[in-house]
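In what follows, a structure is listed as structure tokens, so that the remarks can point back to it.
Throughout, read-outs are computed from the coordinates displayed, never taken from laboratory work. Everything numeric in this text was worked out from a predicted model, so none of it was measured. As a convention, Cβ positions derive from the backbone with ideal geometry for all residues, glycine included, and neighbour counts pool all protein chains shown.
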Amino acid sequence: MNILGIETSCDETAAAIVSGGKNVRSSVVASQTAVHHPYGGVVPELASRKHLEAISQVLSEAIERSGIPENRLDAVAVTQGPGLIGALLVGFSFAKAYAYALNIPCVGVNHLEGHIHSVFLETDAPEFPFVSLLVSGGHTGIYHVTSHTTCELMGQTRDDAAGEAFDKVAKMLGLGYPGGVAIEEISRKGDPFHIQFPRPYLDKADSDFSFSGLKSAVRRYIETHDFKENIPDIVAGFQEAVADVLTFKLIQAALSRQCSRIAVVGGVAANSRLREKVRGAAAEKGLSVFIPSPAFCGDNAAMIAATGYHYLRAGHVCSLTDDVYSKVMAK
Ligand code: KG4
Ligand code: ZN
């Protein structure tokens, strides 16, 4: 079954074709980061306009690269939420109209479940159940995943998402948007142990997170030091603290469920320090680790097509009157 995936929830216009819920035939991502870079964050109105400009071209490219003609597409899967309403509307309206014109079903996909499914795009995919750490710009949470259509939220951030913390710290230091990539790059030149930033919530047995205190600690450091000379050590220390907390919480969550498989997904999962720490800690406890290749960590449409495949099989199809949603929806 060939599924066309469409993703426009934030600042990436993406289309992909995935067969059988796992074989990626094409995946095209048009990033708007250059547009938002001067503002230090995503400007929603600009995002919607850029999606509108890019979507037809991105879709044509995905079809062309896949070698699968339109008449061999079996369904369209599209991100329905959560995300920026205006941005979501572009992809969702386009997908509904496109599916209607081809007379094939359209499936609305939850973006977070999309990220969780990104591990199935790799050849070495986990069996159920597994515990997945989702770390993106909009969300940070730990999920106990028991099937393609069922997962339980074990805990989540009480304030900023991990990616948001990376972006805000980068903004404070004038490193631009998106901050994660810049921080990872500059950290390579720094000493992660020179400045000890707090590791919030490490003493708690639950799977909740909080990153605003850590962000404030970085702000205080900047305000009280001649920081310009010291940026590599600051960002390396910050990255180390985030990676420590995420790794500890993920391992703790897996052990609490006696679950031997763990996954890390979402934009921050591309961070090599985090990947390294999770792999090291998992090896100590004998857990298997599943982290998608960096191309499938950030927003992409292949993960949406993969999720849509399983929802379609479970009978979920959306109608022309269905709408997008901005906030996380309880299923
Ligand atoms: O999953 P994603 O592409 O979009 C959302 O659903 O939010 O995640 C984007 C987030 C941004 O906050 C970005 O700074 C962060 O992922 N990110 C990283 C890295 N690459 C992207 N954070 C840390 N290290 C990275 N290498
Ligand atoms: Zn995302």
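For the reader, a short list of remarks on this structure follows.
- Cα Rg over Rh - segment 169-213, Kirkwood: 1.04
- Beta bridge orientation in the chain: antiparallel %, DSSP, nearest 5: 60 percent
- Three-way shape call for segment 1-131 based on the alpha-carbon gyration tensor, with the a/c threshold at 1.5: oblate
- The shape of segment 4-81 can be summarised by an equivalent ellipsoid whose semi-axes, obtained from the alpha carbon gyration tensor, come to 26, 12, 10 Å from longest to shortest.
- Only lysine pairs 8 or more places apart, or on different chains, with alpha-carbon atoms under 18 angstrom apart are counted in segment 194-331, and they number 5.
- Cα long-axis angle, helix 212-224 against the chain (0 to 90 degrees, to the nearest 10): 50 degrees
- From least to most packed, judged by other beta carbons within 10 angstrom and beginning with the fewest, Ser27, Ser147 follow the order Ser147, Ser27.
- Whether segment 217-310 is rounded, prolate or oblate, judged on the alpha carbon gyration tensor where a/c under 1.5 counts as rounded: oblate
- Residues Ser118, Ser31 arranged by fewest to most Cβ contacts within 10 Å: Ser31, Ser118
- Here is how the number arises for the chain: DSSP H runs of 4 or more residues each give -39500 (n - 2.57), the sum is divided by the residue count, and the result at 222 nm is -13500 deg cm²/dmol.
- Of the residues Val28, Val268, the one with the fewest other Cβ atoms within 10 Å heads the list, and the complete ranking is Val28, Val268.
- Segment 87-113 and segment 10-57 have their alpha-carbon centroids 15 Å apart.
- Shape class for segment 124-291: prolate, because the ratio a/c of the largest to smallest gyration tensor axis (alpha-carbon atoms, square roots of eigenvalues) is 1.5 or more and a/b beats b/c.
- Annotation: Cα Rg of the chain relative to the compact-globule expectation 2.2 N^0.38 Å equals 0.98.
- Cα long-axis angle, helix 85-102 against the chain (0 to 90 degrees, to the nearest 10): 30 degrees
- Looking at segment 124-291 alone, DSSP beta bridges between its own residues are antiparallel in about 60 percent of cases.
- Candidate aspartates and glutamates - alpha carbon under 16 Å from Lys189, same-chain residues fewer than 8 apart omitted: Glu229, Asp233, Glu240
- Spherically averaged projected area of segment 134-228 from its Cα convex hull (nm²): 7.4 nm²
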